[in-house]
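Q: Let me give you the structure first, and then I'll get to my questions.
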Amino acid sequence: MLLTISTTYTPATELGYLLHKNPAKSQAFELSFGRAHMFYPEVSEQKCTAALLLEVDPVGMVRGQRRFRDGLLDQYVNDRPFVASSFLSVAIAKVLGTALGGRCKDRPELVKKPLPLTAKISVLPCRKGESFLEDIFEPLGYTVKAKQHPLDENFPEWGESPYYTVELSQDITLSSLLTHLYVLVPVFDHHKHYYVGRAEMENLLAKGTGWLATHPQREAITYRFLKHAPSFARQALAQLAQDQEPAADDADETAVTPEDELETPLRLNDQRLGAVLAGLKAGGAQRVLDLGCGDGKLLRLLMKEKQFTQIFGMDVSIRSLEVAQDKLRLDRLPRHQQDRVRLLHGSLMYRDKRLEGFDAAAVVEVIEHLDPPRLKAFERVLFEFARPNTIVLTTPNREYNVLFANLKEEALRHGDHRFEWTRAEFQAWAESMANSYGYAVRFLPVGSEDAAYGAPTQMAIFSLLNSGEN
Ligand code: SAH
């Protein structure tokens with residue numbers, strides 16, 4: 001397994017100082033799973049390349065310590081010697097620890113300086129395909145070049161292997177590059193050769209400082225980095241969410257979000273949930289969905305109603321689902337109740353069979369969080385595929401915003417809102433949904449109504465026409 005790091009910074013030989021490894025020397029380091037070699041295949045003022053070569057001893061691992069045993073590693077013939085995996089992270093930490101930590105006595109000014117760097121990983125397993133490589137590295141600013149390798153060049157009909165040669169380039173500090181490799185290389189691999197526990201979670205949070213919390217793939221990264229330890233992954237994600245600015249979708253009940261602050265005098269949230277509950281009950285629904293359930297306030301109300309025999313909450317935010325799980329004490333419910341209430345992780349942007357066959361769905365203060373270009377996808381997921389008999393949907397009434405004393409002109413009620421509709425806009429949208437998908441729709445104001453601007457929340461109740469046929 002080979003990792004090279006090149007720079008075209010001039011003089012490029014400064015790389016040797018930053019890595020604390022002399023370009024003129026080749027060095028070897030004994031590690032618990034084999035040996036690491038450090039050398040420079042290319043050294044000039046214009047370009048310098050450092051190589052970290054790992055010799056992983058698969059036979060020694062199988063014969064040796066039990067702790068290396070897991071699935072693949074029980075066999076003498078495995079891919080460990082040539083793929084980049086958690087072994088590489090360990091080698092980076094052991095052999096290049098000072099550079100990883102961003103320390104360099106000789107060149108302190110270069111440590112913080114973004115340099116033109118390219119890392120090349122000779123073989124990285126990526127069973128999810130090239131787009132996953134891009135999803136992981138591009139948000140961090142890398143230009144990604146990937147070359148997939150065939151399973152066997154002599155038998156092209158066998159097709160492609162899951163192995164890629166990957167090149168990552170950008171102007172970045174060496175310690176950030178090494179940190180990204182340390183965390184992200186094992187994310188692509190199925191195996192981790194050591195025990196994953198609390199220390200590893202803390203390690204991830206420390207190494208992820210400043211970039212992981214805002215990475216769009218933070219959930220995938222966290223779950224994959226902390227393999228075999230989903231409870232630590234959940235804790236890590238909770239911690240990451242806390243490190244960020246509170247957003248509506250992951251604020252807990254006690255945290256005051258701007259939206260809450262604005263709306264408190266009205267107790268608007270309670271009125272809204274009361275109105276939604278009434279809408280769901282009136283339709284006679286038994287099996288209900290709460291789409292974008294957040295931390296579960298509506299679910300709590302639904303659980304109190306015997307009428308509802310099956311209650312599913314769905315949200316894209318794992319953090320919110322965890323808060324809901326805790327608040328609703330779902331793990332402490334009697335058995336029959338446990339089957340009645342379920343939390344689903346999913347996105348309303350994708351067709352989801354789990355959402356089919358329900359009598360009613362609530363979509364409370366969710367659509368304004370969706371990007372307008374993606375609204376179409378959501379519309380089909382809800383009205384065409386999930387297609388419950390009744391849909392109760394709420395969203396802010398933008399006209400009412402002028403009456404919020406502490407809201408700036410033209411501002412939206414929450415930083416994460418992508419839009420807020422006037423009554424006319426909402427009604428036009430809802431009517432076009434009803435016409436396109438065969439529903440009747442009626443509108444109800446929620447909260448105290450102003451003569452000129454209407455009520456703070458607008459609600460639409462859709463009823464499927466000819467529901468017998470569906
Ligand atoms: N319905 C809740 C939460 C409203 S906040 C309540 O009234 O209290 C909006 C919620 O929509 C957040 O929990 C957010 O995570 C969720 N959400 C945003 N985009 C989503 C998507 N694409 N799929 C599912 N849920 C989504």
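The values are calculated or read from the model by the stated rules, or taken from the named source; none is laboratory data. Keep in mind that what you see is a predicted model, and the values were worked out from it rather than measured. Because the Cβ atoms are built from the backbone with ideal geometry, glycine has one as well, and the counts that use them run over all protein chains shown. Quick note on the areas: whole protein, heavy atoms, side chains included, nothing else; ligands and nucleic acids left out. Shrake-Rupley method; radii C 1.70, N 1.55, O 1.52, S 1.80 Å.
Q: Of 356, 384, 399, 305, which residue is among the charged types (D, E, K, R) and crowded, with 17+ Cβ neighbours inside 10 Å?
A: Result: 399 is the single residue among 356, 384, 399, 305 that is among the charged types (D, E, K, R) and crowded, with 17+ Cβ neighbours inside 10 Å.
Q: For the range 429-438, state whether one or more residues are farther than 22 Å from residue 298 by Cβ, at pLDDT 95 or above, open to solvent by 30 Å² or more (accessible area, probe 1.4 Å) and aromatic (Phe, Trp, Tyr).
A: Within the range 429-438 (the criterion being farther than 22 Å from residue 298 by Cβ, at pLDDT 95 or above, open to solvent by 30 Å² or more (accessible area, probe 1.4 Å) and aromatic (Phe, Trp, Tyr)), the answer is yes, since at least one residue qualifies.
Q: Among the residues of the range 397-420, write down those that are closer than 15 Å to residue 454 by Cβ and within 16 Å of the ligand (Cβ to nearest atom).
A: Selection gives 397, 413, 420.
Q: Suppose we filter the range 1-23 for residues that are more than 19 Å from residue 105 (Cβ to Cβ) and without any contact (Cβ under 8 Å) to a residue 60 or more places away in the chain; how many remain?
A: 2
Q: Turning to a different aspect of this structure: If we only count helices (runs of 4 or more DSSP H) wholly inside the range 269-380, which ones have 3 or more residues that are within 11 Å of the ligand (Cβ to nearest atom), in contact (Cβ under 8 Å) with a residue 12 or more places away in the chain and under 30 Å from residue 233 (Cα atoms)?
A: 297-303, 318-327
Q: Please tell me if residue 280 is touching a Leu at 6+ places or on another chain (Cβ under 7 Å), open to solvent by less than 60 Å² (accessible area, probe 1.4 Å) and modelled with pLDDT of 75 or more.
A: no
Q: What residue, among those in the range 326-353 that are of a type outside the set (D, E, K, R) and open to solvent by 100 Å² or more (accessible area, probe 1.4 Å), is nearest to the chain's Cα centre (by Cα)?
A: For the range 326-353, the residue satisfying everything is 350.
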